[in-house]
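Single-structure report; data block below.
FYI, it's all coordinate maths here, none of it is from the lab. What you are looking at is a predicted structure, and each value in this text was computed from that prediction instead of being measured. FYI the Cβ positions are ideal-geometry reconstructions off the backbone, even for glycines, and counts take in every protein chain you see.
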Amino acid sequence: MDLSTSYMGLSLKNPIIVGSSGLTSTVKGVQKLAENGAGAVVLKSLFQEEIFFESEDYIKEMKKQHPEIKFFDYDGRKNPIEFYGYKVREDNLNNYKSLISDCKDSVAIPVIASINCFYDSLEWTVFANELEQAGADALELNMFFPPTDFSKTRKEKEAIYFEIIDKITEEVTIPIALKISYYFTDLGPMIQKLSETKIKGLVLFNRFFSPDFDINKLEVVPSYVFSTPEELSISLRWIAIMANKVSCDLAASTGIHDGEAVIKQILAGADAVQIVSALYRNGKGYLPKILNKLESWMKTRGFKKLYDFKGKMSQERSEDSKLYERTQFMRYFAGKKNVIT
Ligand SMILES: Cc1cc2nc3c(=O)[nH]c(=O)nc-3n(C[C@H](O)[C@H](O)[C@H](O)COP(=O)(O)O)c2cc1C
């Protein structure tokens, strides 16, 4: 069986990419994933926000230790506190660059770096440049600005995505993927417009940390950290709808927990899939099981390569294309396919 695929111009021996997470935050972890057959990895994101808070904590501590230093009394030279904040940033960046180069030395599969910066930050381009120099094969922009800013219009907020993409794609030569959420007013056309920029891949979709309440302690606590297999349906629908309407490659993400889900996403038209929660739950040794399922299903169906069935069930190629846009439980559809109304 030929499981190989091309994603953003990268040759992957199979379509399974281990998504950005703690699983890909160490060289050892990445090595284990490669040994177990991963087609590629996306490293844990480098978060500007994390660096910012770490610097703040550091600066606070320095202020406590050195109350004699005037922090806001700039005289054109870097004061020591500013310097320490800068050092935290440099250390984080250097550690991440070492992670990239060490992974590149240790595994033969593509290593995709990932960044998340503040939305109006120049760091997007600076980080992208640095990570390219460190040897990343590609870069995934983990880009999401929660729609909680009431001071900007939808248009202004959407424009930021394009501005950042333009700046980064002007600066770096490695392929860029954009990992987005489905929180857009006009999702289909937005995905299409994004695909028409110079990015080479879109990841549909990211899944975020969500808050929950502990009603006994009246505290905000994290809700489910890991996805469930039922969450597959959102990305499956949108991969199928967008497969023939985009000008870049598509990677499916969220809710892919087994070989069947991988098959479905390829049938929908995905060029690759990203898996995280299923590997946290079942261990890295679960990867070969997913790959075996994919291979055995291909054998049974008489498919020799992924391209024999990729996109076979995308909206455009489906006889039931209306079902992809159906959202209401109407009687009209009841007799059509095992649908309960
Ligand atoms: C513990 C954990 C850490 C994650 N860290 C990142 C991250 O650093 N950057 C990122 O883009 N996504 C991150 N994600 C999101 C995953 O990459 C993925 O998009 C999400 O979990 C949905 O895929 P899944 O259903 O296979 O888990 C993280 C997810 C988990 C569970």
Enter the angle in degrees (range 0 to 90, nearest 10) between the Cα long axis of helix 154-171 and the first principal axis of the Cα atoms of the chain, meaning the one along which they spread out most.
80
Distant-in-sequence amide H partners of residue 202 (H built 1.01 Å from N, under 5 Å)
178, 249, 250, 251
Share, in percent, of DSSP beta bridges within the chain that are antiparallel, nearest 5:
20
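Does segment 261-312 classify as rounded, prolate or oblate by the C-alpha gyration tensor (a ≥ b ≥ c root eigenvalues; a/c under 1.5 gives rounded; else a/b over b/c gives prolate, otherwise oblate)?
Details: a/c = 3.16, a/b = 1.59, b/c = 1.98.
The shape class here is oblate.
Mind checking Rg over Rh on the chain, alpha carbons, Kirkwood formula for Rh? Could you put the intermediate results ahead of the total?
On the way: Rg = 22.0 Å, Rh = 21.8 Å.
My calculation puts Rg/Rh at 1.01.
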So which trypsin sites (Lys or Arg not before Pro) in segment 234-334 are both in a DSSP loop and have at most 12 other Cβ atoms within 10 Å of their Cβ?
304
Relative to the longest principal axis of the C-alpha atoms of the chain, give the angle of the C-alpha long axis of helix 48-65, reported between 0 and 90° and rounded to the nearest 10°.
20
Using helices alone, I'd like the mean residue ellipticity at 222 nm for the chain: each DSSP H run of four-plus residues gives -39500 (n - 2.57), total over residue count, nearest 500.
-12500 deg cm²/dmol
Would you mind working out the magnitude of the charge dipole of the chain relative to its Cα centre, with +1 at each Lys and Arg C-beta and -1 at each Asp and Glu C-beta, to the nearest 20 Debye?
1540
Could you tell me the relative contact order of the chain? Use alpha-carbon pairs under 8 Å, at least six residues apart, and round to a whole percent.
17
Rounded to whole Å and sorted largest first, list the principal axis extents of the Cα atoms in segment 78-207.
43, 41, 27
A correct Karplus calculation of ³J(HN,Hα) over segment 216-230, with 6.51 cos²θ - 1.76 cosθ + 1.60, θ = phi - 60°, whole Hz and x for Gly and Pro, returns 8, 9, 6, 10, 8, 10, x, 8, 4, 6, 9, 6, 10, x, 5
Please give the Cα centre distance for segment 237-285 versus segment 107-121, rounded to the nearest Å.
19
Among 28/264; 104/289; 44/155; 28/104; 193/322; 63/87, the pairs whose Cα-Cα distance exceeds 20 Å are 28/264; 104/289; 44/155; 193/322
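Wrap a convex hull around the Cα atoms of segment 211-341, take a quarter of its surface area, and give that in square nanometres. All intermediate terms of the calculation are to be shown ahead of the outcome.
Details: hull surface 44.8 nm².
Projected area, direction-averaged: 11.2 nm².
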Positive-end residue of 201, 211, 221, charge dipole of segment 199-239 with Cβ unit charges:
201
Under 8 Å for C-alpha pairs, at least 6 residues apart: give me the relative contact order for segment 115-224, rounded to a whole percent.
23
So the angle from the long Cα axis of helix 287-301 to the longest Cα principal axis of the chain, reported in degrees to the nearest 10, equals 20
Using amide H atoms built in the peptide plane, which far-off residues or other-chain residues are under 5 Å from residue 140 H to H?
113, 114, 115, 177
